[in-house]
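The values are calculated or read from the model by the stated rules, or taken from the named source; none is laboratory data. Because the structure is predicted, anything quoted here is derived from the model rather than measured. These accessible areas exclude ligands, DNA and RNA; they are computed on the full protein's heavy atoms, side chains included. Shrake-Rupley method; radii C 1.70, N 1.55, O 1.52, S 1.80 Å.
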Amino acid sequence: MNRLICFIPLLLAVNVNTTPDTHGGLPGRQGDADSLSTIEQPSQNLSIPTDEAKGYLKEGTLYWGRRVPDDISSRVKVLPQVNFDDHIPKGNYSGITHLFGNYYAVVSDKMDNNEKGYYVFNIDINKKGKITNIRNCGYTRLPGKNEDEEAVAFNPNNKHIYIGDEEGSYIEEYDQATDSLIRRTQIEMYHDRGVHNLQIESLCYDPARQSIFTINEGPLKGDNGLMLRLLQLDGDLMLTHEYTYLLDAPLADPKDISGDYAHGVSELLSLGDGSLLALEREFFVAKAKIGSWVMNKVFRIFPGYQGKQFVAGWRTHMNLLEMNLANYEGMCEGPRLPDGRRVIILCADSQDRYKGFLKDYFRTLVIG
């Protein structure tokens, strides 16, 4: 069960949950004068494009209820990465999702004794979208074993937590109020044809379709070398739609790849308007470790329509000049800023702060 160490006065009711959620003792809180905690609920009356809308669709242009610019990256700010390693345990943080207020569920793909569950972090973000503090409020244990937990999602309507296990390609649904398992579904195509460690890496709940989305991290055996399968699941975790997603070509020279290397989609996020964000991650590990790098790119997509919009990109390194290597695997939405811009929170997997060289980095993107 949850063991919380954050003791903060109950004061806040947020848009995601109009009745303060007190499961596990999680308090609502009022942040400092420069802290934000409200996430705007997406409209439930969304206009998902129909066949009539396809006439608006052109090469490189997406359409979801209204026309949008071909390139929104000019309105995106990538803020510097930060760490609060003195405030949170070292981990293999691979997924993050918003719960309510300033509280987020964070999963780690490796835990002592293979414990299954999630941390609850309190993340303070100021009016400019910068993370100012992170505090660990405890760990919620769930039944079962940690089978490489790579993803987490939350449905604020029924208060259910979804965990994606890469080992076995399972998605599990839990009742947050009781921590009990509701259902467990295996994604058979990922299990049967997936490459080891390149299967389930992402989950998100999409309120526009009231569905769960996931995507294989790397191509399935027999598929095109850059093709992934984006899957849409209903409330019973049954497959309803399958879409094609094409990765960008890798940057690493094949002759330089000798060992650890990852190239694929590490996370999905629903913007609540029918569109998703996809986090592409290429992690190149040099033989001597020095010279390693991670390239992250965020794209906006509309499932069922071809093309993707570049949103933002950045690269981190481990070399003689820079020691800021960060393998970002988790992504979720944070609060709205006073000017209406959206904040996206990302977390990195430090492999338990590998040999003291890596840190548990977080960063934000500000969009709008």
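Using each residue's phi in segment 280-287, evaluate 6.51 cos²θ - 1.76 cosθ + 1.60 at θ = phi - 60° and report the 3J(HN,Hα) Karplus result to the nearest Hz, with x for Gly and Pro.
These are the phi-based 3J(HN,Hα) values: 8, 9, 10, 10, 9, 10, 6, 4 Hz.
Two decimals is fine: what is log10 I(q)/I(0) at q = 0.15, 0.19 Å⁻¹ for segment 91-198, from a Debye sum with one equal scatterer on every Cα and no solvent?
-0.64, -0.96
Once amide H atoms are built 1.01 Å from N in the peptide plane, which residues 5 or more positions from I125, or in another chain, come under 5 Å H to H?
L36, T132
In what sequence, largest accessible area first, do K145, K297, K130 appear using a 1.4 Å probe?
K145, K130, K297
With every protein chain left in place, what is the accessible area per residue of segment 209-263 in square angstrom, probe 1.4 Å?
Value for segment 209-263: 49 Å² per residue.
Give the long-range amide H neighbours of V311: residues separated by 5 or more places, or on another chain, with amide H under 5 Å away, using H modelled in the peptide plane at 1.01 Å from N.
V298, F299, R300
With a 1.4 Å probe and every protein chain kept in, tell me what percent of the accessible surface of segment 184-253 is carbon plus sulfur.
Solvent-exposed carbon and sulfur of segment 184-253 make up 48 percent of the total.
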